[in-house]
1. Among 110, 116, 61, 85, which is the only one that is in contact (Cβ under 8 Å) with a residue 60 or more places away in the chain and out of contact with any Ser or Thr (no Cβ under 6 Å at 6 or more places or on another chain)?
2. Taking the stretch 193-218 as the search range and keeping residues that are touching a Phe, Trp or Tyr at 6+ places or on another chain (Cβ under 8 Å) and open to solvent by 20 Å² or more (accessible area, probe 1.4 Å), which one is nearest to residue 151 (Cα to Cα)?
3. Please go through (1) over 12 Å from residue 216 (Cα atoms); (2) of a type outside the set (Phe, Trp, Tyr); (3) open to solvent by 20 Å² or more (accessible area, probe 1.4 Å) for residue 164 and return the number of the only condition it doesn't satisfy.
4. How many of the residues making up the stretch 21-47 are assigned to a strand (DSSP E or B) and in contact (Cβ under 8 Å) with a residue 60 or more places away in the chain?
5. Among the residues of the stretch 48-86, write down those that are under 11 Å from the mean Cα position of the chain (by Cα) and part of a loop (DSSP other than H, G, I, E, B).
Amino acid sequence: MSDADLPDVTEHYFTGGPATDAERRTVSVRIAGRDVDVEVAPGVFSPGRIDPGTRVLLHEAPTPPPSGDLLDLGCGWGPIALTLATEAPGATVWAVDVSERALDLTRRNAARLGLANVRAASPGPGGVPDDVTFAAIWSNPPIRVGKQVLHGMLRTWLARLAPTSSDADGAWLVVQKNLGADSLARWITEELAGPLGVRVVRAASDKGYRVLRVTRDR
């Protein structure tokens with residue numbers, strides 16, 4: 001598939017205000033082993049289904065830590081955040097996205113599923129409090145926003161990863177192999193290992209995707 005065949009990056013990641021009633025629709029998906037109905041809309045990543053990369057992440061990542069703060073970075077309409085909140089009801093799940101449309105859909109879906117432990121927040125001021133650190137970060141990061149934006153995002157949020165203390169801790173990132181999963185792993189090692197005390201391993205590989213696990217020593 002060429003770049004010309006791919007949906008517009010701006011449309012996927014930066015659509016502004018919440019979807020209107022006419023734009024929102026309900027679809028059935030499977031979240032944490034349950035068939036549920038969620039609301040989706042145009043202008044967010046993978047509207048209408050759980051995309052293949054996210055499916056790989058949800059299948060390969062371990063059961064999340066049962067308590068503390070967890071992060072879904074780039075939440076879209078919320079499949080990762082909803083899974084984390086369902087599997088770790090004692091944790092606080094922060095769903096972060098630059099798109100207010102995505103955040104609104106995640107809030108609606110969390111309320112629909114009775115998940116009071118989801119906090120949808122923008123990445124900027126007034127979003128996640130500065131003193132919050134994360135036992136685990138799960139993300140299908142927006143590779144197509146470009147390396148500069150992607151690297152800045154990972155540098156910012158991996159700095160808030162708590163030191164690893166269990167097999168469930170760490171950042172779990174799913175990246176398509178042909179979109180640079182291995183080069184991203186090298187960049188994390190070369191640029192962030194020293195400053196942040198992190199290390200990265202390939203935790204799984206399936207259907208053309210890599211799941212990278214980033215852990216922190218300090």
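The values are calculated or read from the model by the stated rules, or taken from the named source; none is laboratory data. Bear in mind the structure is a predicted one, so any value in this text is a computation, not a measurement. A quick note on method: Cβ atoms are made from the backbone with ideal geometry, for glycine too, and the neighbour counts reach across all protein chains shown. Ligands, DNA and RNA are stripped out before the accessible areas are found, and what is left, the full protein with its side chains, is counted by its heavy atoms. Shrake-Rupley method; radii C 1.70, N 1.55, O 1.52, S 1.80 Å.
1. Details: 110 fails: in contact (Cβ under 8 Å) with a residue 60 or more places away in the chain; 116 fails: in contact (Cβ under 8 Å) with a residue 60 or more places away in the chain; 85 fails: in contact (Cβ under 8 Å) with a residue 60 or more places away in the chain.
Checking each option against the conditions leaves just 61.
2. Applying the filter and picking the extreme gives 213.
3. (1)
4. Of all residues in the stretch 21-47, those assigned to a strand (DSSP E or B) come to 25-31, 34-40.
With the extra rule that they be in contact (Cβ under 8 Å) with a residue 60 or more places away in the chain, the set shrinks to 31, 36-40.
Total meeting the criteria: 6.
5. If the condition is that a residue be under 11 Å from the mean Cα position of the chain (by Cα) and part of a loop (DSSP other than H, G, I, E, B), then 74, 75, 76, 77, 78 are the ones that fit.
A quick yes/no check of all residues on (1) crowded, with 24+ Cβ neighbours inside 10 Å; (2) in contact with an Asp or Glu (Cβ under 7 Å, 6 or more places away or on another chain); (3) at positive phi; (4) not aromatic (Phe, Trp, Tyr):
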{"site": "81", "(1), (2), (3), (4)": "yes, yes, no, yes"}
{"site": "128", "(1), (2), (3), (4)": "no, no, no, yes"}
{"site": "137", "(1), (2), (3), (4)": "yes, no, no, yes"}
{"site": "144", "(1), (2), (3), (4)": "no, no, no, yes"}
{"site": "148", "(1), (2), (3), (4)": "no, no, no, yes"}
{"site": "155", "(1), (2), (3), (4)": "no, no, no, yes"}
{"site": "159", "(1), (2), (3), (4)": "no, no, no, yes"}
{"site": "168", "(1), (2), (3), (4)": "no, no, no, yes"}
{"site": "171", "(1), (2), (3), (4)": "yes, no, no, yes"}
